[in-house]
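Worksheet for the structure shown next.
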Amino acid sequence: MLFAVLFGLSMDYEVFLLTSVRQAYARSRDNRSAVAEGLGSTGRVITSAALIMVAVFTAFIAYPDPLVKVFGVGLAVAVTVDATLIRGFLVPATMVLLDRLNWWIPRWLDRILPNLSIEGHEEDGEPAKTEPEPAGAGRHARP
């Protein structure tokens, strides 16, 4: 149960971090600076969210039921470890080491996945199309 709750809570700021890194990489095509920029721009928000969650889960200690106390302490420790060690050190370090492999995707999968854009912009800086493309005219279709 702890793992399921922690996974649900931590995925928000993981997506937030990776979206920021991906946007920086799309602009610069330099993986190392993209990881630094993404972590720098989201670090305070992730830390603040983690601190709020730790404070809330620590408050569970005051509840008289021992199961709730254990759940609160477990989540507080897990969020602390997740936000600092995993999201703050391990993920960025792995992304720097993997370099361009972070963004590799098999061609067959790239063809079937939709081209999602953040805030209505394509990754190359052009505005996203608002009308659907004709069948067979995907983002990697050859002329």
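The values are calculated or read from the model by the stated rules, or taken from the named source; none is laboratory data. Worth saying up front: this structure is predicted, and the values here are computed from it rather than measured. We place every Cβ from the backbone using ideal geometry, glycine too, and count neighbours over all the protein chains shown.
When Pro66 is tested against (1) surrounded by fewer than 15 Cβ atoms within 10 Å (Cβ to Cβ); (2) closer than 17 Å to Phe89 by Cβ; (3) not aliphatic (A, V, I, L, M), only condition (2) is not met. Filter region 70-82 down to the residues that are crowded, with 20+ Cβ neighbours inside 10 Å and within 27 Å of Ala36 (Cβ to Cβ), then identify the one that is nearest to the chain's Cα centre (by Cα). Only one residue fits best here, namely Asp82. Scan region 63-121 for residues that are under 26 Å from Gly43 (Cβ atoms) and in a helix (DSSP H, G or I) and the total you get is 32.
The set of residues in region 11-39 being loosely packed, with under 13 Cβ neighbours inside 10 Å, out of contact with any helix residue (DSSP H, G or I) (no Cβ under 7 Å at 6 or more places or on another chain) and at pLDDT 90 or above consists of Arg29 alone. Among the residues of region 19-35, just one is closer than 20 Å to Ala83 by Cβ and without any contact (Cβ under 8 Å) to a residue 40 or more places away in the chain, namely Ser20.
Quick check, is Val56 closer than 20 Å to Met1 by Cα and either free of Cβ contacts under 8 Å to residues at least 40 places away in the same chain or crowded, with 17+ Cβ neighbours inside 10 Å (or both)? Walk me through it before giving the result.
Numbers: closer than 20 Å to Met1 by Cα: yes; either free of Cβ contacts under 8 Å to residues at least 40 places away in the same chain or crowded, with 17+ Cβ neighbours inside 10 Å (or both): yes.
So Val56 fits the description; yes.
Looking at this structure, is Leu51 assigned to a helix (DSSP H, G or I) and closer than 13 Å to Arg87 by Cα? No. Pro106 meets all of the listed conditions (1) modelled with pLDDT under 70; (2) exposed (fewer than 11 other Cβ atoms within 10 Å of the Cβ) but one, namely (1).
Hey, among Asp82, Asp65, which residue is acidic (Asp, Glu) and under 30 Å from Ala24 (Cβ atoms)? Show your work before the answer.
Working: Asp65 fails: under 30 Å from Ala24 (Cβ atoms).
Exactly one of Asp82, Asp65 is acidic (Asp, Glu) and under 30 Å from Ala24 (Cβ atoms), namely Asp82.
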